[in-house]
Amino acid sequence: MSEDEKKSACCSDHHHCGMDDMPGTDDVPGTDHVPGTDHVHDHSGMKLLPVIGSETAAAGATSMERLSRGAVYRIIGMDCSSCAKSLEKHMKSIAAVQEVSVNFSTGKMQIVQQGLSDEAIVSEVSKAGYAASPLSRGRGQKTEQTDGVGTRLAVISGILLALGFLGSFTSIPEPVLIVCYALSMIVGGYRPARSAFYAIKSGSLDMNVLMSVAAIGAALIGEWLEGATVVWLFAIGNWLQTNSIEKTRDSIRTLMDLAPAEAWVKQGASMVRLPVEDVGVGDVIVVKPGEKVPLDGEILAGVSSINQAPITGESIPVDKQVGDFVFAGSVNESGSLEVRVTRLVDDTAIAKIIHLVEEAQEKKAPTQAFVDKFAALYTPIVLVLALLVIVFPPLFGWGTWGDWFYKGLELLVVACPCALVISTPVAIVSAIGNAARNGVLIKGGTFLEKAGAITAIAFDKTGTLTVGKPQVSQIVAASDKEDEVLAIARTIEEHSRHPIAQAILAYANEKMIASLVGQDFRVLVGKGAEATIDGEIYFAGKPALFSEKGVSLTAWTDQIESLQQEGNTIVMIGTSQAILGMIAVSDKIRDISVGAISKLKAEGIDEIVMLTGDNQGTAAKVAKLTGVSRYFAELLPEDKVAAIKKLQQEGKTVAMVGDGINDAPALATADLGIAMGGAGTDTAMETADIVLMADNLEKLPHTVNISRKALQIIQQNIWFSIIVKLVALILIFPGWLTLWLAVLSDTGAALIVILNSMRLLRMK
């Protein structure tokens, strides 16, 4: 049944539809806001969130779609974005390669080619100085973080360098020492020199080229110890940087390993252990107590508590029963479950999270784009300056050729902007990875930066600050016979599927009030419903229904108005002669809303705004209970857009948090759109700027906190990198900077920047 059909069926079978003029319903004409139904559902019963940020999503997906038919390879050894550019240019120079994209942040290469085997591609990548391995599109395929060959070469180079240095304090002939230094340079510099060759061949100018020229130049002027030291420090620095960066890249990949590789599949009366890749949609799998759920699916039999921390970031187990959905990677803590598989291994929620997070890590933030442009200008300018330093001063007799050649080599080393270039992407990768592990999906560096800059947050009320599911808050009976009023109400409401009717039934069940014998059930569309009980017709519905029947409401008016002002929807119970009582139904405030808003204020966001279609009284009550500082009531969807624009015109950077389809315009208008409850929901995960995977506002303060911390760390990294470069440049001309110190300042600065960024991984 389509959503429209469902709505039509709901409205045709129940009197409460059409109560949009009543307080507490959060309903306004033209919206889908009925308590408990301010979102649409897919066939599985899970919420679908509004399509927001679609332009950004589409723009970001273009390159991915273009390369979707290609293969993906993990690349080991890239410690700078210039490495990615050099490798990309090298691969493009191969005739069989049609398209290729190498991303430094995720350490992945996507390639479309014809006629090349995996071995041939790995070989070509190896020529450029990096290691590659094919990566499955589905389950995570862990790649070794460490480069064994590079490690061994660096160690051997260091030993030869140490032998030469120690030998200089003995009577060993100088030619022997030079041989030790030369061998150290050859062993340690072989791979950088090979990478430099292919970089030059493809028209790139990366750090390998600059370091190779510096080392060769040092040898040409007889500075063998300096040259060998440069090569060894560069090799050690590369090794440390590569391993540190790989840890940040793997911070999110490890989630995929949480889902088991095999599943117990029911085949008739027996069970068979199969790889998850061989399990199809509709197959029934058995998940035993203590095991991890291998695939997404719907519970057919069994009851258990499920720990969904890998998906939603929530460590508290969730009780599940027949009809509920479970996600791959979650842990079955108690009972045995039979689960009907609803998604293949490549399409599970956790697989999509990994894919979307890695896509997000590939998208450049504005700061990163600026730094890349700066670095692209900085390197050639310093390179030209180095050539001028080598040539012009000696021509005018200002020192020897050897001195100025040495200074030129130092400038070449300083020309490498590695620390500056990686100052932003490593921080972004770390922050997005941390957020994902805590159940928050940030869709790119741009949104990470925006989240750190927001000054106001606007919340939709129903389903966001409140549960979105009505509950009975009070029963008022004419003669203190609450049980009788509830029994009559239950009898009339039992034939309805409306959320308010379900709330009354749930309350009656809780109080163990049985229904009476009724007949002739009839819907009074937009007004109420009736049923015949013991030969008398009873009604349940709006106060206006009884006014139409001539029943006096005078004795009830004050109580009705008071309850309505408190945000309740009123259901009157009675006959055509008298009112027996009334039931107040309201939307309960989420337990976590107050705490989340308090924490947001502690983060410095004082402008907490609520947008609702409810009346002023209901809005005021919810605002007071939740701690909201400002609210806009009685809003149509277009009014919510106007409210967001008003906040923006006041100079605020606004984030909008919502979960309903009618929130889509406001979510799109806000500077940052945040969707709630995206676990297992394709629409939310693919279109929102930020998705809180659990229906949990407590994740929002962490998102703001980590975003602000990321911005701070990025700024620290950029300023540190620039200052180190400036100091190195200044020290060159007085002759205080040696070549090995120049290398140490470059690789050391890059390593410090990486380690500083990795602090984001440890944020709680």
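Of the peptides 424-433, 347-356, 150-159, 169-178, the ranking by mean beta-carbon count within 10 Å, highest at the top, reads 424-433, 347-356, 150-159, 169-178. Each 5 Å bin from 0 upward holds the following percent of the Cα-Cα pairs of the range 332-461: 2, 9, 12, 11, 11, 10, 9, 8, 7, 6, 5, 4, 3, 2, 1, 1, 1, 0.
Residues whose amide H comes within less than 5 Å of that of Leu135, counting only those at least five positions distant or on another chain, are Val72, Tyr73, Arg74 (H built at 1.01 Å from N in the peptide plane).
Positive contributions from Lys and Arg (+1) and negative ones from Asp and Glu (-1), summed over other residues with Cβ under 9 Å from the Cβ of Val284, come out at 0. Cα-based radius of gyration for the range 529-668, normalised by 2.2 N^0.38 Å, reads 1.38.
Shown in residue order for the range 486-497 are the 3J(HN,Hα) couplings computed by the Karplus curve 6.51 cos²θ - 1.76 cosθ + 1.60 at θ = phi - 60°: 5, 5, 5, 4, 4, 4, 6, 7, 4, 9, 10, 9 Hz (x for Gly and Pro). What the phi angles of the range 429-446 give under the Karplus curve with 6.51, -1.76 and 1.60, with θ = phi - 60°, is a coupling list of 4, 5, 5, 5, x, 4, 4, 4, 5, 9, x, 10, 9, 9, 8, x, x, 4 Hz, glycine and proline written as x. Working note: Karplus 6.51/-1.76/1.60 with θ = phi - 60° gives the range 167-184 the couplings x, 5, 8, 10, 8, 4, x, 4, x, 5, 5, 4, 4, 4, 5, 5, 5, 4 Hz, where Gly and Pro are set to x. Roughly how many Å is it from the Cα centre of the range 387-425 to that of the range 569-594, as a whole number? Measuring centre to centre over Cα atoms gives 80 Å.
Remark: the range 457-541 projects, on average over all directions, an area of 6.9 nm² (convex hull of Cα atoms).
Coordinate-derived values only; no laboratory data. Since the model is a prediction, treat every value here as computed from it, not as a measurement. Cβ atoms come from the backbone with ideal geometry, glycine included; neighbour counts cover every protein chain shown.
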